[in-house]
Each structure stands twice: as C-alpha cells, then as structure tokens.
Amino acid sequence: MDVADILAHHPDLEGLLRLSLAGLVALLVGFDRETKNKPAGVRTHVLVAIGSALFTLVGIYAFGPGDPASRVAAQIVTGIGFLGAGTIIQVKSGVVGLTTAAGIWAVAAVGMAIGSGLYIMGIGGGVLMFLVLRFLTYGSDSEAGDDGTARDEADGKGA
C-alpha cells in the first residue's frame, strides 16, 4: 500500500496534508514579509493559508463539490479582502500596506488551491508570489516617505 492508497482511504489524512502544505507554502511568502519588517509576517500568512485551506476543505467535504462549496470559497475571498483592508493605511506621503494586503489575499488563494487538491497550482502560485516579493522591486523597499514610514507600491516606491 503506497501513500496515494493510504490518502485515498483516509480523507482526513489527506486534508491534514493539504493544510500542512498550504501552511508551508505560505511560510515562504511570510518569511519575505517578515524579513522586510512588514506588519503581516510569517504567522499571519501561514494562518491565512491554513484557514483558507480549511474553509475550502470543509466546503468540499461537508457540502460536496458544486454550488455550496463555491459559496464557501466566495466568502473566503470576501473575508480576506476585509482582513487585507485593515493593513492599508493612507499617510501624507502616500499609501502604506497595499503589498501586504495583496500578499494576504494571494496567500488565501494558495490555501484555497491546495485545500481543493490543486497542489501544483497552489505551490507554484506561492513560489511565484515569493519571487515577486523578493526580487521584483520598483524603487527600494527601504525608501521612506517624509514621515519615515516605508511607502508601498501605490505610489511606485517599493513594496
């Protein structure tokens, strides 16, 4: 009996694997934000991904595939949008927190993908997010506005 057979006979174990994998992928993204001293770091990103994966799994296992499960997914997007909005702040030098909010929103999508069993898409999306956050910059992440706060991509001055 191989791993695929064990997971096929124990959906709870596969669900736990999906939750763990979503958390690990989000850890990579959160690590980037943590090293840049952003307000949402490793723990926030990991919790968002695991929570999104869990909601997705509950939607699938409790309601089956189709309309009810898609309604759960739609509510994840709405809820995460609300959470992300809390990280956005307007200061006199521009807007701070848009990249953090976008990262939280995208990590939720990673959790949903992995929670749905779309492993390659979820892992690939998480790796792409990490690469974008780590290497795609316009200006400098350490560039600060007049009030000393780091500016975000809204005004084109870093992430």
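Throughout, read-outs are computed from the coordinates displayed, never taken from laboratory work. Note that the structure is a prediction, hence the values are computed from the model and not measured. No Cβ is skipped: glycine too gets one built from the backbone with ideal geometry, and neighbour counts run over all protein chains shown.
In this simple spin-label approximation, Arg71 and Ser20 carry label points 7 Å from Cα along the Cα→Cβ vector, and these lie 3.3 nm apart. Across all Cα atoms of region 79-140, the radius of gyration (one decimal) and Dmax (whole number) stand at 13.5, 44 Å.
The ranking of Val127, Val42 from fewest to most other beta carbons within 10 Å of each one's beta carbon is Val127, Val42. The amide H of Val91, built 1.01 Å from its N in the peptide plane, has Val96 as neighbours under 5 Å, considering only residues 5 or more places off or on other chains. In the chain, the calculated helix contribution to ellipticity at 222 nm averages -23000 deg cm²/dmol per residue, counting -39,500 (n - 2.57) for every DSSP H run with n ≥ 4. In angstrom, the C-alpha Rg and Dmax of the chain are 17.3, 63.
Backbone geometry of region 96-103 corresponds, through the Karplus equation with coefficients 6.51, -1.76 and 1.60 at θ = phi - 60°, to 3J(HN,Hα) couplings of 10, x, 5, 5, 4, 4, 5, x Hz, x marking Gly and Pro. Here the Karplus curve 6.51 cos²θ - 1.76 cosθ + 1.60, taken at θ = phi - 60°, turns the phi angles of region 56-73 into couplings of 5, 4, 4, x, 6, 6, 7, 10, x, x, x, 4, x, 5, 5, 5, 4, 4 Hz, with x standing for Gly and Pro. Relative to the longest principal axis of the Cα atoms of the chain, helix 11-35 runs at roughly 10 degrees. Remark: the chain carries a charge dipole of roughly 220 debye about the Cα centre, counting +1 on each Lys and Arg Cβ and -1 on each Asp and Glu Cβ.
In terms of surrounding Cβ atoms within a 10 Å radius of their Cβ, Phe55, Phe135 rank from fewest to most as Phe135, Phe55. Using C-alpha pairs under 8 Å with a sequence gap of at least 6, the mean separation divided by the residue count of the chain gives a relative contact order of 25 percent.
Among Lys38, Lys92, which comes first, then next, by fewest other beta-carbon atoms within 10 Å?
Lys92, Lys38
Projecting the Cα atoms of Val42, Val127, Leu28 onto the charge dipole of the chain (Cβ charges, centred on the Cα centre) puts Val42 farthest toward the positive pole.
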